[in-house]
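Structure first, commentary second.
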Amino acid sequence: MKIRRNRSTTTDVQQPERAETPRPALEPAGALYADSADTLIRGPWKHRFIAANGSRFHVAEMGDGPLVLLLHGFPQFWWSWRHQLPALADAGYRAVAMDLRGYGSSDKPPRGYDTMTSATDVSGVIKALGETEAVIVGQDWGGWLAWSMPGLAPQQTRAVAALSMAHPLVMRRALARDARQRRAWRRVLEFQLPMRPERWLTRQDLVAELLGEWSGSGSAFPDEECLNVYRRAIRVPFVAHSSMEYYRWALRSLPRRDGRRFSTALEEPISVPLLSLHGEEDPFVLLPSVLASHRQVSGPLRFESVPRAGHFLPEEAPEHVTRVLLEWLKSL
């Protein structure tokens, strides 16, 4: 693979032509080695590397037009938006799915997994793409970040779509006051343990367990192909640890100065247009938490629940998500 580097902002990955030979089977769940190149999955999109906020971020890009930046959740990477990328490009948008810091083919530094740094990462990627603003679309942890962008990077946030996630301040209050939401987030409490969750992710099959546990009853997701892709992606060196650091910061920062600063930045009501999508059978982020989040919105708000879907909406209900997303984007 030849990589052409441009030190100013971006690097395009030029993928060589290959003979059409059958791909070898993915390694079984017990295989421990994986490489970040495994996450550069071929398709109609273009892979690029972008310098922003002192790190290098990988994005998959399609189309021309207004920028729609897609942020993935855990335990996934940019590939979770594979269904939406072509549809958005065909509809006249510049669709870009990025690997968050610590995931996929993006850099995996030892620090920077707080939401303020994540927002600066996203803001820097938008500017490195040559844009001044973007519609931010996020699912799961990407949804947490999408909710946060109007407070942390308002100049780069044109509108927000949050899938399968409540407003961070609402989630924090729910964990303290709502026993049902606290039980639903028991995994997040387990993730606070040092090193053990990383071993569950890389040496056991926690990825398959979570994808199945948080999906809805009416979903065919995840199939074996998805499981193998995500199993390998979490075994890329340092990804398991980086992914846990996001959840550890979310709870451990509560009494700290950085956590209080984060809360203060998000107290202002969200005035940009906001789309809230939620699976009716989501067992991880409960519907009352999502509905309570809407009180944090002062601007135009659209809410829609997706029947028989769980937590992984872009993959469990791709046609439904794409249709609603395109309708909402057209209204902006």
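A few remarks follow.
- Relative contact order (%) - segment 30-174, alpha-carbon pairs under 8 angstrom, separation at least six: 22 percent
- Where trypsin sites (Lys or Arg not before Pro) fall in DSSP loop in segment 258-324, at most 15 other Cβ within 10 Å: Arg308
- A simple count of charges around Glu281, restricted to other residues whose Cβ falls under 12 Å of its Cβ and scoring Lys, Arg +1 and Asp, Glu -1, yields -3.
- Counted charge near Val321, where neighbours are those whose Cβ lies closer than 10 Å (Asp, Glu -1; Lys, Arg +1): -3
- Site pair Arg111 and Glu209 shows an inter-label distance of 3.2 nm when each label is modelled 7 Å from Cα along Cα→Cβ.
- Under the criterion of Cα pairs below 8 Å and six or more residues apart, the relative contact order for the chain equals 19 percent.
- Full extension of the chain between Arg256 and Leu189 yields a length gain of 22.3 nm, computed as 0.36 nm times the residue separation minus the alpha carbon distance.
- Accessible-area composition of segment 25-137, carbon plus sulfur, in percent [1.4 Å probe]: 51 percent
- For segment 236-332, the relative contact order comes to 26 percent (Cα pairs under 8 Å, sequence separation of at least 6).
- DSSP bridge pairs, the chain: antiparallel proportion in percent, nearest 5: 40 percent
- Other residues lying with their Cβ under 13 Å from the Cβ of Ile136 contribute a combined charge of -2, Lys and Arg counting +1, Asp and Glu -1.
- When nucleic acids and ligands are ignored and a 1.4 Å probe is applied, Trp200 ends up with an accessible area of around 60 Å².
The values are calculated or read from the model by the stated rules, or taken from the named source; none is laboratory data. All values derive from a computational prediction rather than experimental measurement. Cβ coordinates were reconstructed from backbone atoms using ideal geometry, including for glycine residues, and neighbour counts include every protein chain displayed. These accessible areas exclude ligands, DNA and RNA; they are computed on the full protein's heavy atoms, side chains included. Shrake-Rupley method; radii C 1.70, N 1.55, O 1.52, S 1.80 Å.
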